[in-house]
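Encoded as structure tokens, the structure appears first; notes follow it.
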Amino acid sequence: MKRILRPAIAAVGLAASLLAQATTSLTDFSDLWYNAPAESEAGWGVNVAQQGDILFATLFVYGADRKPHWYVASNVGATGASTFAGPLFDIASGTWFGAPWAGITPPQAVGDIAFAFDSSSHGTLTYTVNGVQVTKGIVRQSWRSDVLSGLYVGAVSGFGQACGPTGRVRIPGALNVTHAPPAITMTLDFAVSPSQTGRCTYHGTYAQVGSLGRIDAGSYSCDVNGVVNAVVGNFTVDEIRATRSGFNGRITVVSPNCDYAGYLGGVKDQF
């Protein structure tokens, strides 16, 4: 069975090549985050917008006077693959929204802020304001699930030490997604050549975590050249980012044929 699939997974496709050439190695932590566990501390949160390896964070918290307060950190740079740190500022006053714009008070440095993420959906936030330090576990805030149903020009791309001579896995094709949360089914029809065709079918449980999704408890099977279940295994997908143009995520596969990690996604093939 391994020999049947390897020519297919080694084929080079444009869609898979694009997926494999990521523009950044960092997880995108852009989201609205709040105290962990979820719903445990109303009225406290941090907005994170990420561009490249820089976070822009705004804290909406309560001050010592128990009144709502905003703090801003506009240059929180990466200090590692999943850690960031930078200065924290207070903008004490500004123009009332009902009046003509007249500016704000100059930002005042009040301390520092640091993020240490242990996964794509959970981390630890530490910040200091005028000598008072706060440390909190944080999670992405979720209120609506993405629905990925549709037709895509898709691909699976990855690498595994035991996956053929080069270790590369590339399966481009037509991707059909049926998604009625939490259940999700994806079928990837590929045709590497007239003599190398097949279909991989993926079933799993989808969960929304903030602006990202993930698929757990996944299983898949691939029919290759008429051989049913030529390849089978289990998978998870993390960091699923959906847009109006398509979706992509990071896939991890465990299979008797070969274990690998890489990318799954596609651009929409319907308008």
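The values are calculated or read from the model by the stated rules, or taken from the named source; none is laboratory data. Just so it is clear, the model here is predicted, and its values are computed rather than measured. Cβ: placed from backbone, ideal geometry, glycine included. Neighbour counts: every protein chain shown. Just the protein is used for accessible areas: all its heavy atoms, side chains included, with ligands, DNA and RNA removed. Shrake-Rupley method; radii C 1.70, N 1.55, O 1.52, S 1.80 Å.
Each of VAL134, ILE251, ALA85 was scored by the projection of its Cα onto the charge dipole of the chain, and the greatest displacement toward the positive side belongs to ILE251; charges sit on the C-beta of Lys, Arg, Asp and Glu. Kirkwood hydrodynamic radius of the stretch 137-199, from the reciprocal of the average inverse Cα-Cα distance over all distinct pairs: 14.3 Å. When the P(r) of the stretch 30-184 is calculated, the portion above 24 Å amounts to 53% of the C-alpha pairs. Around the Cα centre of the chain, unit charges on the Cβ atoms of Lys, Arg, Asp and Glu (plus for the first two, minus for the last two) sum to a dipole of about 640 debye. Taking Cα centre as origin and charging only the Cβ of basic (Lys, Arg, +1) and acidic (Asp, Glu, -1) residues, the dipole magnitude of the stretch 65-165 rounds to 200 debye.
With unit charges on the beta carbons (Lys and Arg positive, Asp and Glu negative) and the dipole taken about the Cα centre of the stretch 130-208, which residue among ILE171, PHE159, ALA183 sits farthest to the positive side? So the residue furthest toward the plus end is PHE159. The residue list TYR34, HIS122, SER211 was ranked by how far each Cα lies along the charge dipole of the chain toward its positive end, using unit charges on Cβ atoms, and SER211 comes out on top. At the listed q of 0.09, 0.15 Å⁻¹, the Debye profile of the chain, built from one uniform point per Cα, gives log10 I(q)/I(0) equal to -0.52, -1.05. Which values of log₁₀ I(q)/I(0), to two decimal places, follow from the Debye formula for the stretch 56-102 at q = 0.28, 0.30, 0.33 Å⁻¹ with a uniform point scatterer at every Cα? Cα-only, vacuum Debye calculation for the stretch 56-102: -1.02, -1.06, -1.11. The packing ranking of peptides 172-181, 35-44, 189-198, highest mean first, is 172-181, 189-198, 35-44, where packing means the average number of other beta carbon atoms within 10 angstrom of each residue. Separation of the stretch 237-269 from the stretch 145-162 is 4 Å, based on Cα centroids. Here the mean projected area of the convex hull built on the C-alpha positions of the stretch 175-235 is 4.5 nm². Summing charges over neighbours of LEU125, with a neighbour being any other residue whose Cβ is under 15 Å away from its Cβ, gives -2 when K and R count +1 and D and E count -1. Computed with a 1.4 Å probe over protein heavy atoms only, the accessible surface of the chain comes to 52 Å² per residue. In this structure, ASP269 and ARG144 have a Cβ-Cβ separation that, at R0 = 25 Å, corresponds to a calculated FRET efficiency of about 0.55. As a size descriptor, the averaged projected area of the C-alpha convex hull of the stretch 111-262 was calculated at 11.5 nm².
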